[in-house]
1. Only loop residues by DSSP count here, and only those with at most 13 other Cβ atoms within 10 Å; note down the trypsin sites (Lys or Arg not before Pro) in segment 56-93 that meet that.
2. Once the chain is represented by equal point scatterers at the alpha-carbon sites, with solvent omitted, what log10 I(q)/I(0) does the Debye formula produce at q = 0.10, 0.13 Å⁻¹?
3. For residue 156 and residue 83, compute 0.36 nm times the residue count separating them, minus their Cα-Cα distance, and round to one decimal in nm.
4. Nearest 10 degrees is fine. How inclined is helix 18-30 to the longest principal axis of the chain, computing both from alpha carbons?
5. Using r as the Cβ-Cβ distance of residue 5 and residue 236, and R0 as 41 Å, what FRET efficiency do you calculate, to the nearest 0.05?
6. Round to the nearest 0.05 the FRET efficiency obtained for residue 266 and residue 115 when R0 = 22 Å and r is the Cβ-Cβ distance.
7. Mark the label point 7 Å from the Cα of residue 142 along Cα→Cβ and return the residues of segment 227-254 whose backbone N is within less than 13 Å of it.
8. Residue 258 label point, 7 Å along Cα→Cβ, cut-off 18 Å on backbone N: hits in segment 218-237?
Amino acid sequence: MAELLPIDMPECGGDREGSGDEEDQPNRRHDPRHSSPLLPYCFVEGCDASVMIASPRNDAEKDAPDNLSLAGDGFDTVIKAKAAVEAQCPGVVSCADILTIAARDVVALSGGPNFTVELGRRDGLVSLASRVAGKLPGPDFNLDSLTTLFGKNNLTLFDMITLSGAHTVGFAHCSRFTNRLYRFGSSSSVDPTINPDYARELMQACPANVGPTIAVNMDPVTPITFDNVYYANLAAGLGLFTSDEVLYADGRSQPVVKGFAGDQSSFFAAFAKSMVKLGRVGVKTGRRGQIRRDCTAFN
Ligand code: HEM
């Protein structure tokens with residue numbers, strides 16, 4: 001069976017990655033946060049771009065409640081890149097591979113590590129909202145539930161802590177964390193592990209009656225730079241989700257968090273490796289799946 005290969009793009013008439021990349025560069029340079037099609041897209045059916053399928057009945061994977069806030073701009077970038085690649089090189093590069101390349105580029109363009117990704121994935125033939133529940137990590141997960149879910153995807157505790165560092169860029173909608181500000185528990189409505197100044201800031205940005213479209217930066221200190229500040233934030237009570245803060249609070253993950261907070265190059269090296277592992281989750285090669293012509297529809 002065909003395997004994924006650590007190459008930069010299947011050969012096609014000489015002009016390699018060029019077309020798609022150049023076209024979208026200015027857009028991404030403006031604000032790398034707008035195209036962060038990174039992780040959880042691999043956890044439902046595998047890294048097979050199932051999440052990009054649009055259904056007229058609104059019952060595709062991206063219509064699932066857990067996915068409703070997916071970055072539309074990130075998908076638009078991938079759709080445009082695919083169209084450009086398809087014009088030069090029809091039927092060769094899958095949407096799943098373009099998503100992988102886009103994730104790599106977002107990281108590098110926002111100051112993170114440069115790394116080679118493996119390519120050769122084919123696109124999936126199943127995309128159903130009904131198959132999402134229970135497959136994605138939630139912002140309220142504790143270390144055990146995070147570890148179990150990543151484990152099901154062949155990713156270790158170390159991979160999980162490392163990949164969570166992706167929250168050094170990007171935004172989150174208020175609804176994903178306001179329980180920590182207003183409804184934490186009976187003795188305190190605010191989660192006591194949140195730094196009090198940060199809690200006040202978040203309450204200003206996300207008042208109790210906030211609208212569903214309001215979002216905040218996930219890294220309040222260096223929001224548009226891919227760096228290791230996310231880990232220092234956790235130690236300072238500046239983790240946005242419970243699933244972030246728990247990485248510092250739990251003794252099993254705290255040493256790795258402290259290590260990354262003190263050494264950006266070890267974080268970068270680990271991140272590159274774990275991203276390659278993430279990119280192997282449930283891939284289809286050989287005769288499985290297809291190379292979609294349009295990322296939003298099965299052929
Ligand atoms: C460890 C478990 C994880 C949980 C519980 C989690 C949860 C979340 C949540 C709730 C959001 C906010 C979505 C929104 O409100 O729009 C988010 C955003 C994001 N996550 Fe995660 N995530 C996890 C791991 C990861 C991993 C492993 C990566 C990448 C390798 C990642 C990359 C991102 C990015 C880039 C965004 C920002 C999206 C944007 O700006 O539009 N996350 N995550």
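Taken together, the values in this text are just the output of simple stated rules run on the coordinates, not laboratory data. Note that the structure is a prediction, hence the values are computed from the model and not measured. So basically every Cβ, Gly included, is an ideal-geometry build from the backbone, and we count neighbours across all protein chains shown.
1. Answer in residue order: 57.
2. -0.54, -0.92
3. Separation in residues times 0.36 nm, less the Cα-Cα distance, equals 22.7 nm.
4. The answer is roughly 20 degrees.
5. 0.50
6. Values: r = 14 Å, r/R0 = 0.65.
Between residue 266 and residue 115 the formula returns 0.95.
7. 243, 246-247, 249-252
8. Backbone N within reach: 229-237.
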